[in-house]
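Beneath this line is the structure, given in structure tokens, with notes to follow.
The values are calculated or read from the model by the stated rules, or taken from the named source; none is laboratory data. In this text the structure is predicted, and so the values were computed from the model without any measurement. For neighbour counting, all protein chains shown are included, and Cβ atoms are generated from backbone atoms with ideal geometry for every residue, glycine included. These accessible areas exclude ligands, DNA and RNA; they are computed on the full protein's heavy atoms, side chains included. Shrake-Rupley method; radii C 1.70, N 1.55, O 1.52, S 1.80 Å.
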Amino acid sequence: MNFDDFTSFGDMLGMDVSESERFDFANEVRSRILSARRRLASFSRGIIERELHDGRCVAPGGPIIFGASGLYSLRLPHDAAPQERSRRALSLLLTAQRYGLPVAPSEMQGTFLNAGDWMVQVPEVGMLFQEVRGSLANAFEFLSKVDGAVARPFPGYGKFETSLDERVMTEGEFMRGPLERQKMRALEEFVELGRERNKEGVTSSTQVANTDETLRVALVTTVLDSDHLTAIKLALKTKRLPLSPSDENESGEADQRLPDGTVSGFSGIPLADYYIGWEESCGFSKITLEVTRFLVTNRRVLKDLSRAGMSSEKEVQSLANLCGDIQRLRALFVFTCADRSKWESAATHPSRWFLTRELYHKTVQVFQPSAGSDHAQEWRHQGLGDEEFAILGGFGPALLGGTYRHHAARFGSHLLRILGEGKQAAPKAALLQDVTSTMLGVAAWDWPGLAACISGELWQRGIELQQAHLFSASKQGLALDFFHLHTGGTPLPRELTKSVEQAILQRSHLAPEDAAALPVTDGTCTLTEVRPGQCCLRFESLHDTPGTIYALCYKIFRHLQGNIHGLTAYRTRRSSIITIYCQLPSGGCFKVAKASAEQWR
């Protein structure tokens, strides 16, 4: 019944009665409806409260009771063994999680009294993680209020939750325990959203809008099996507790503001030994524990590989070899997204997350080659003709197999126009949005100083670069480049694309006299040879000087005659690091180029 129904009862009498009779009739009907509603509410509330006053067994004959203030458990004998008490306590939490019910506050001084003295590992630990309903984070939120209860089944957790790390010191809001549960809730949100969208017919293979990062991750969770999803939860809970081989190095790199520099390995138990026996004691499957070890061991892999910046065939194959199968790859991706859902997230590090997605999707194609073969159909749906499709195909698998192909179609017609108009053809620049990453896309003739020209124009306009991928169709001599911009929330100049196009036409910022105005490159340059003719320049500085990327691109063009095809820039706690990938001219001497780069200031 809606509001219109509630106000039109008088019309039920028809037109043969007076307005006064209809008015009185309508009031009488509304009065009886309100009376009936009150009586039903009073009856049902009274019955429920009377039943819950003494409590109702959740399962016939079981020890867990649903009472007026929530779930509680029948008392165990005072001499009950720790294992029996632990099973009863965690069964109570499991029931609360499964049915979305509260635990009665009185249980703090009942079932969970002094749990920090007797809680042990029991099969219900695994059951909490394996339960697909409710919130595991809420279950541990309750348990965290019982002193020492979480540390007993998870060795090292007590030291972990009282320790400090960079995030705690920077945000100054929560200790590490609440932050860990925040990550668990992020995973639960992914899973719940994935289930909802699956019901609507949206699957992991569905084309997802470029602005919906959360949905992309959520859909991946829908194709994870229970063992891998449970492993992600367990890894989020325990990733800092085992002592891994990298912990000693991480401690050495820890922020000096921290008391002892320890951010991981709090149990002191080697990772290879930490989960031994948890099949029997906690009820986890062998596969779950294997995947958990894998995730904890490789918790930084996607972050470190994305910093490399290229998602090259070598990096893709390396990640595929590391994971071994697509389920582990998916688990690592979802784990990383949940682990960094708030800290170093896509919102604060858009270019890094773009590369993470790029690397993940290219690696998926190693295990499922058909996953990357739909670009033809995708471009057809965007209206590309045969000639445009042929031109974009000339940029090869580096473009076609990755995320950039979603934006490449926008430049198909202009690339065709460039070929038709010859060397005097105007370039095309356009601003693009991919989730949280703002990019400048450029289609132009390919020539060695193009990256320096564009980065110089961006520097002149006060816009910082985070990374760039520069694709080349060598047979046609075309370039399709994507520059990730750091906007800092500030709107970009409206005339930016026009000014970049003009700079390319005029080949600005490349003249010998521009060297006098170059920003100072106060740092260390190292040039390494990736393969014959292919080099990687790494620049590291204690300072984050605006325009450094342009200065390095200029010097690569002017001093090395190199052709740049990719770059990344990021900051660690102590330094600013820029990596530029370039190709030396045919016949160029690497040793000479290396000596030259090491002298740059």
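Return the lysines within reach of Lys303: Cα separation strictly under 25 angstrom, same-chain partners fewer than 8 residues apart disregarded; answer none if there are no such residues. Answer for Lys303, where 25 Å is the Cα cut-off: Lys183, Lys233, Lys237, Lys239, Lys314, Lys342, Lys362, listed by chain and number. Toward the positive end of the charge dipole of the chain, with +1 on the Cβ of Lys and Arg and -1 on the Cβ of Asp and Glu, the farthest Cα among Leu560, Thr348, Leu40 is that of Leu560.
Globularity index of the range 123-244 is 1.18 (Cα radius of gyration / 2.2 N^0.38 Å, N = number of residues). Summing -39500 (n - 2.57) over the DSSP H runs of n ≥ 4 in the chain and dividing by its residue number, what mean residue ellipticity at 222 nm do you reach, to the nearest 500 deg cm²/dmol? Result for the chain, helices only: -14500 deg cm²/dmol.
Amide hydrogen proximity for Glu464: with H placed 1.01 Å from N in the peptide plane, the residues at 5 or more positions away or on another chain lying under 5 Å are His486.
When the Cα convex hull of the range 335-481 is projected onto planes of every orientation, the mean area is 10.0 nm². Cross-link partners of Lys594 among lysines, defined as those whose alpha carbon lies under 16 angstrom from its own and excluding same-chain residues fewer than eight positions apart: Lys555. Nearest 10 degrees, 0 to 90: what angle lies between the long axis of helix 496-506 and the longest principal axis of the chain (Cα atoms)? The helix 496-506 is inclined about 20 degrees to the chain.
Accessible surface of the chain, 1.4 Å probe: 52 percent of it comes from carbon and sulfur atoms. Computed over protein heavy atoms with a 1.4 angstrom probe, the accessible surface ordering of Arg293, Arg22, Arg38, largest first, is Arg38, Arg293, Arg22.
Per-residue SASA remark: Trp459, around 70 Å² accessible (1.4 Å probe; ligands, DNA and RNA not included).
Shape summary: the range 451-546 maps onto an equivalent ellipsoid whose semi-axes, from the alpha-carbon gyration tensor, are 23, 21, 15 Å in decreasing order. A viscosity of 1.567 mPa s and a temperature of 4 °C, combined with the Kirkwood radius over Cα pairs in Stokes-Einstein, give a translational diffusion coefficient for the range 67-122 of 113 µm²/s. Helix 226-238 and the longest principal axis of the C-alpha atoms of the chain enclose an angle of approximately 80°. Accessible surface ranking for Tyr72, Tyr570, 1.4 angstrom probe, highest first: Tyr72, Tyr570. Looking at the range 387-542, the accessible area is 43 square angstrom per residue; that uses a 1.4 Å probe and ignores ligands, DNA and RNA. What do you get for the angle between helix 286-297 and the principal long axis of the chain? Use alpha-carbon atoms, 0 to 90 degrees, nearest ten. Helix 286-297 sits roughly 50 degrees off the main axis of the chain. Listed by chain and number, the aspartates and glutamates placed with their C-alpha closer than 18 angstrom to that of Lys475 are Asp386, Glu387, Glu388, Glu421, Asp446; residues fewer than eight positions away on the same chain are left out.
Of interest is the spacing of the C-alpha centroids, which for the range 125-196 and the range 305-353 amounts to 22 Å. With all pairs of separate Cα atoms included, the chain yields a Kirkwood hydrodynamic radius of 28.4 Å. Computed about its Cα centre, the charge dipole of the chain is approximately 800 debye, with only Lys, Arg, Asp and Glu carrying charge at their Cβ.
For Asp147, the solvent-accessible surface computed with a 1.4 Å probe is close to 140 Å², ligands and nucleic acids excluded.
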